[in-house]
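Structure record follows, encoded as structure tokens.
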Amino acid sequence: MNIALIGYGKMGKIIESIAVSRGHSVNLKIDISNAEMLTVENLQKCDVAIEFTGPHSAFNNVMKSLEANIPIVCGSTGWLSQYDEAVAFCNKQQGTLLYASNFSVGVNVFFEVNKLLAGLMSNLPDYDVSITEIHHTEKKDAPSGTAITLAEQILALVNRKETWENVSTTDKSKLTIISERIDPAPGTHKICYSSAIDDIEIIHTAHNRNGFATGAVLAAEFLLNKKGIFTMKDVLGF
């Protein structure tokens, strides 16, 4: 594949390395220094785009790729208030979009474990549940997109929790998410069910960014010659 990389920071460079090692080429690399190169004409010279920027630019980057009618893999978080608009435009264009809050294979397994545990704990009110997430200090959004995904899975299954809050709270109807920013942590997510008798915890800890980058390239490979809206569950066959 010929890949357009939208976002050529640390993650973009790792994605490029993995893509090249898998036989792909990266002919368009966009960062803040050459943002004017992100045009429909340039994108149409590529087979797929992979987008890892930030919450303030992700939506426009996704829309530009859909306008160019090339598949887009988006790993930016913090822009989901506009996700439905992007989906509607994608469907109108008969385009291809895959968004994930986390592309790591291990994290996507962790999502499935989280749902299983939440289902088991749903009728055990003596256990209060909380989420802790730790990222490096360059992480631009809090809580992380992964933590929000985990929280939404819990809210869907644990009826005693109605909303999440990114602060410690004693309100039993609210799910606490604690966000810590510590270098050089690439990402740790912990779910804790705590009672007066014991605690039950599940934890995912990333050792580096390679897992996220590899998953993004796998997603791009999956999207080739496909149309529609997809998730990492489709890529991994869950």
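The values are calculated or read from the model by the stated rules, or taken from the named source; none is laboratory data. Since this is a predicted model, take the numbers as computed values, not measurements. Note: ideal-geometry Cβ built from the backbone for every residue, glycine included; neighbour counts use all protein chains shown. Surface accessibility is based on the protein's heavy atoms, side chains included, excluding ligands, DNA and RNA. Shrake-Rupley method; radii C 1.70, N 1.55, O 1.52, S 1.80 Å.
Output the residues belonging to region 19-47 that are surrounded by 17 or more Cβ atoms within 10 Å (Cβ to Cβ) and either among the aliphatic types (A, V, I, L, M) or over 22 Å from the mean Cα position of the chain (by Cα) (or both).
A19, H24, V26, L28, I30, L38, L43, C46
Being farther than 16 Å from S104 by Cα and at pLDDT 95 or above is the requirement here; does D234 meet it?
So D234 does not fit the description; no.
Read through the list (1) more than 17 Å from the chain's Cα centre (by Cα); (2) under 28 Å from A19 (Cα atoms); (3) among the charged types (D, E, K, R), then give the number of the only condition that D126 fails.
That leaves (2) as the condition not met.
Any chance you could count how many residues in region 41-72 are more than 10 Å from A4 (Cβ to Cβ) and out of contact with any Ser or Thr (no Cβ under 9 Å at 6 or more places or on another chain)?
Residues that pass the stated criteria total 5.
I need the full set of residues from region 1-18 which are touching a residue at least 24 places away in the same chain (Cβ under 8 Å), buried (at least 16 other Cβ atoms within 10 Å of the Cβ), in contact with a strand residue (DSSP E or B) (Cβ under 7 Å, 6 or more places away or on another chain) and over 15 Å from V62 (Cα atoms), in order please.
Of everything in region 1-18, those that are touching a residue at least 24 places away in the same chain (Cβ under 8 Å), buried (at least 16 other Cβ atoms within 10 Å of the Cβ), in contact with a strand residue (DSSP E or B) (Cβ under 7 Å, 6 or more places away or on another chain) and over 15 Å from V62 (Cα atoms) turn out to be M1, G12, I15.
State all residues of region 55-87 that are within 22 Å of S104 (Cβ to Cβ), open to solvent by less than 10 Å² (accessible area, probe 1.4 Å) and at pLDDT 95 or above; if no residue qualifies, say none. Working first, answer last.
Restricting attention to region 55-87, the residues satisfying the condition of being within 22 Å of S104 (Cβ to Cβ) are 55, 58, 61-62, 71-80, 83.
Pick out the ones that are also open to solvent by less than 10 Å² (accessible area, probe 1.4 Å) and you get 58, 62, 72-74, 76, 79.
Scanning region 55-87 gives A58, V62, I72, V73, C74.
May I ask you to verify whether I50 is in contact with a helix residue (DSSP H, G or I) (Cβ under 8 Å, 6 or more places away or on another chain), surrounded by 14 or more Cβ atoms within 10 Å (Cβ to Cβ) and in contact (Cβ under 8 Å) with a residue 60 or more places away in the chain?
Here the answer is yes, as I50 does meet what is asked.
Is it the case that I229 is touching a strand residue (DSSP E or B) at 6+ places or on another chain (Cβ under 6 Å), without any contact (Cβ under 8 Å) to a residue 24 or more places away in the chain and among the hydrophobic types (A, V, I, L, M, F, W, C)?
no
Name the residues in region 1-18 that are under 12 Å from A213 (Cα atoms) and over 19 Å from the mean Cα position of the chain (by Cα), would you?
Result: S17, single match.
Might you let me know whether region 109-121 holds any residue that is in contact with a Leu (Cβ under 8 Å, 6 or more places away or on another chain), surrounded by fewer than 16 Cβ atoms within 10 Å (Cβ to Cβ) and not basic (K, R)?
Looking through region 109-121, at least one residue is in contact with a Leu (Cβ under 8 Å, 6 or more places away or on another chain), surrounded by fewer than 16 Cβ atoms within 10 Å (Cβ to Cβ) and not basic (K, R).
Only residues in region 126-139 that are over 28 Å from M11 (Cβ atoms) count as the first member; pair them with residues that are open to solvent by 40 Å² or more (accessible area, probe 1.4 Å), Cβ under 6 angstrom, at least 6 apart or cross-chain, and list the lot.
Pairs found: D128/S194.
Within region 139-156, identify whether any single residue is surrounded by fewer than 19 Cβ atoms within 10 Å (Cβ to Cβ), over 21 Å from V235 (Cβ atoms) and at pLDDT 95 or above, and answer yes or no.
Taking every residue of region 139-156 in turn, at least one turns out to be surrounded by fewer than 19 Cβ atoms within 10 Å (Cβ to Cβ), over 21 Å from V235 (Cβ atoms) and at pLDDT 95 or above.
Among the residues of region 63-77, is there at least one that is of a type in the set (S, T, Y), more than 23 Å from K190 (Cβ to Cβ) and without any contact (Cβ under 8 Å) to a residue 60 or more places away in the chain?
Among the residues of region 63-77, not one is of a type in the set (S, T, Y), more than 23 Å from K190 (Cβ to Cβ) and without any contact (Cβ under 8 Å) to a residue 60 or more places away in the chain, which makes the answer no.
Just to confirm my filter: which strands (runs of 3 or more DSSP E) fall fully inside region 167-238 and include at least 1 residues that are open to solvent by 20 Å² or more (accessible area, probe 1.4 Å), hydroxyl-bearing (S, T, Y) and in contact with a Gly (Cβ under 8 Å, 6 or more places away or on another chain)?
Ranges flagged: 199-205.
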